[in-house]
Amino acid sequence: MSSAIIQMLDTLVEHRDRLAGTSMREQFETNPARFNEMSVQLGDLIFDYSKNHIDDAALRDLLKLAEHAELAEKRQAMFSGQKINSTENRAVLHTALRNRSGKTVLVDGEDVIPQVDAELTRMEAFSEQVRNGSYKPSGKPITDVVNIGIGGSDLGPKMAVEALSPYADGPRSHFVSNVDGADLADTLEHLNAETTLFIIASKTFTTRETMTNANSARKWVEATVGEKVGEHFCALSTNLEKTGKFGISEERTLGFWDWVGGRYSVWSAIGLSVMLAIGADRFDEFLDGALAADKHFQEAGFDKNIPVLMALLGVWHRNIFGFAAHALLPYDNRLASLPRWLQQLDMESNGKSVMLDGVSVSIDTGPVIFGEPGTNGQHAFYQLIHQGTEIIPCDFLVAALGHEPELDEHHKILLANCLAQSEALMRGRTLKEAEGNPHRVFEGNRPSNTFLYRKLDPKTLGMLMAMYEHKIFVQGVLWNINSFDQWGVELGKELAGDIEKVMDANDNTGANNASTKGLLDAAAKFR
Ligand code: F6P
């Protein structure tokens, strides 16, 4: 972090202290145009950031931070295929997967767009065969699809399939991610091997959890269909050598590239389960939504740029106020998995403590992300958000329209609750208003953003997801960290391998420490 940026943070601290003399409630009272001034609309999506404890002067200085960090240049570097993932020497081009403009994107001098288009065409052809029932590996059409994958090979597709369930008209979708046999067993219990297609989704095709589940699924299918087993499997991977070794033919292997990060991969072949559920046209709309967000991120001025504003407000909260967590609160039951998806996207990307040059960061980076759909969360953990000693900035998400017109009364209540929560956090309740009862006092001044959209359709979902992707990118630039590697997951993986070896050898003296040995001894007794 340059000394100029550190100095700018000091200026922002002065703004924070100045703003302590006023409340958000007063800011709304004195400026009736606050919502108009502090919201941005892109198509059917509105981003309202007026309920943050900030004003124009502070925002102007926050925006300077983005300029100083050379955000425009770094954004261009990402979109144009430069190898910004420096620790893995890779380009970062999930945006190329939804680049429908035909514009060239070069990686190592080669245009990647024709490859993207070709793979999408193959994906559409296979998906159509399965959806129209002509793909019959055991003589019967496919009724159920099981995606076996973990992390980015599970969370994005699973969330999108759930979110877009009103558009689903393909085979039923299932997701198995956990190496805990319970996950696979519970899924297989209701399935017929003859009519089930397994998608083995793994960028590397080496992930222990996924390969273990894939091998067990294979045995389960083989027991019923015998030599037809291979036809019940398809693979989504960058590692074509390994998919071949697993016995999945090239015909049913859809590829992607090392410049697609796992947690950014739902737009690639990894989205096959989504396409199988909703069809190629709807999947196209999903890509179009992301493309609209990409264009907005590239073209809008920083002061009207949704991901830039989201990122800067995040920095305002994390680095100037010291808030350690961020809640994602979709008032949309079909977005129940959105917080889990964002947890990986944000925490695996920006949970870093060294900068690009390997020097330790001197300020905090990514916050803890958590969340639940409203209104359920209200009856669980919102107490702490309203009256706890931690201040937790929140993102509320809500549609103007539900998918169930016959239950519109429900939607009215949902919307009212969503707006009430952000209002309560913002305005609070004074001791006087609480008639002198301190237990009923709400501090107020608790920050939130609200995304309001017309309806949760494929395009809107694509837009929303891409907005969060770009917010994370911007924060990575501001913190000068690499948002696109994930070395922090490696040590645990290596140690699990060591412990498996100890268990296989039936000799716990080989354990690395007394606690691991003690627990292995105890587990052995129970087993
Ligand atoms: O958790 C580490 C990680 O590499 C994630 O980044 C990735 O999404 C997940 O594992 C799964 O990896 P793969 O798709 O290679 O199986």
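The values are calculated or read from the model by the stated rules, or taken from the named source; none is laboratory data. Predicted model, so just to flag it, every value in this text is computed and none were measured. Every residue, glycine among them, receives a Cβ derived from its backbone with ideal geometry; neighbour counts consider all protein chains shown. Areas reflect the complete protein model, heavy atoms only, side chains present, ligands, DNA and RNA absent. Shrake-Rupley method; radii C 1.70, N 1.55, O 1.52, S 1.80 Å.
Among the helices (runs of 4 or more DSSP H) contained in the stretch 1-87, which hold 1 or more residues that are at positive phi and charged (D, E, K, R)?
Of the helices (runs of 4 or more DSSP H) lying wholly inside the stretch 1-87, none has at least 1 residues that are at positive phi and charged (D, E, K, R).
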* Counting just the residues of the stretch 228-275 that are in contact with a Pro (Cβ under 6 Å, 6 or more places away or on another chain) and farther than 18 Å from Phe175 by Cβ, which one comes out farthest from the ligand (Cβ to nearest atom)? -> Lys228
* **Total residues in the stretch 162-201, condition touching a strand residue (DSSP E or B) at 6+ places or on another chain (Cβ under 6 Å) and either open to solvent by 30 Å² or more (accessible area, probe 1.4 Å) or over 28 Å from Asp332 (Cβ atoms) (or both)** => 11
* the stretch 418-446, subset in contact with a helix residue (DSSP H, G or I) (Cβ under 7 Å, 6 or more places away or on another chain) and open to solvent by 40 Å² or more (accessible area, probe 1.4 Å), residue farthest from Leu456 (Cα to Cα) -> Leu431
* Any chance Glu227 is in a helix (DSSP H, G or I) and free of Cβ contacts under 8 Å to residues at least 12 places away in the same chain -> yes
* To do: Name, by its number, the condition in (1) surrounded by fewer than 18 Cβ atoms within 10 Å (Cβ to Cβ); (2) in a helix (DSSP H, G or I); (3) of a type in the set (A, V, I, L, M, F, W, C) that does not hold for Ile385.
  => (1)
* Asked: If the Cβ limit is 6 Å and pairs must be 6+ apart or interchain, which residue in the stretch 140-167 that is free of Cβ contacts under 8 Å to residues at least 60 places away in the same chain pairs with which residue that is more than 15 Å from the ligand (Cβ to nearest atom) and not in a loop (DSSP other than H, G, I, E, B)?
  -> Lys140/Glu194; Lys140/Thr195; Ile142/Val130; Ile142/Thr195; Ile142/Leu197; Thr143/Thr195; Asp144/Arg172; Asp144/Thr196
* Structure fact -> Picked from the stretch 343-365 (must be open to solvent by less than 20 Å² (accessible area, probe 1.4 Å) and within 16 Å of the ligand (Cβ to nearest atom)), the residue nearest to Met310 (Cα to Cα) is Asp346
* Structure fact -> Scanning the stretch 228-276 for residues that are within 16 Å of Val112 (Cβ to Cβ) and open to solvent by 40 Å² or more (accessible area, probe 1.4 Å) gives Thr238, Trp257, Asp258
* Does Arg18 satisfy the condition of being basic (Lys, Arg) and open to solvent by 30 Å² or more (accessible area, probe 1.4 Å)? -> yes
* To do: State all residues of the stretch 82-114 that are open to solvent by 50 Å² or more (accessible area, probe 1.4 Å), touching a residue at least 40 places away in the same chain (Cβ under 8 Å) and either closer than 13 Å to Phe256 by Cβ or among the acidic types (Asp, Glu) (or both); if no residue qualifies, say none.
  => Arg90
* Structure fact -> Taking first residues from the stretch 250-268 that are closer than 20 Å to Glu124 by Cα and hydroxyl-bearing (Ser, Thr, Tyr) and second residues anywhere that are more than 9 Å from the ligand (Cβ to nearest atom) and in a strand (DSSP E or B), the pairs with Cβ under 9 Å that are 6 or more apart or on different chains are Thr253/Cys234; Thr253/Ala235; Ser268/Leu254; Ser268/Gly255
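Inside the stretch 200-215, can you point out the residues that are touching a helix residue (DSSP H, G or I) at 6+ places or on another chain (Cβ under 6 Å) and near the ligand (Cβ under 8 Å from one of its atoms)? Spell out how you get there, then give the answer.
Step one: list which residues in the stretch 200-215 are touching a helix residue (DSSP H, G or I) at 6+ places or on another chain (Cβ under 6 Å), which gives 200-203, 205, 213.
Once the filter is applied, which keeps residues that are touching a helix residue (DSSP H, G or I) at 6+ places or on another chain (Cβ under 6 Å) and near the ligand (Cβ under 8 Å from one of its atoms), the stretch 200-215 yields Ala201, Ser202, Lys203, Phe205.
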* Do you know which residues across the stretch 386-403 are hydrophobic (A, V, I, L, M, F, W, C) and farther than 30 Å from Gly43 by Cβ? -> Ile391
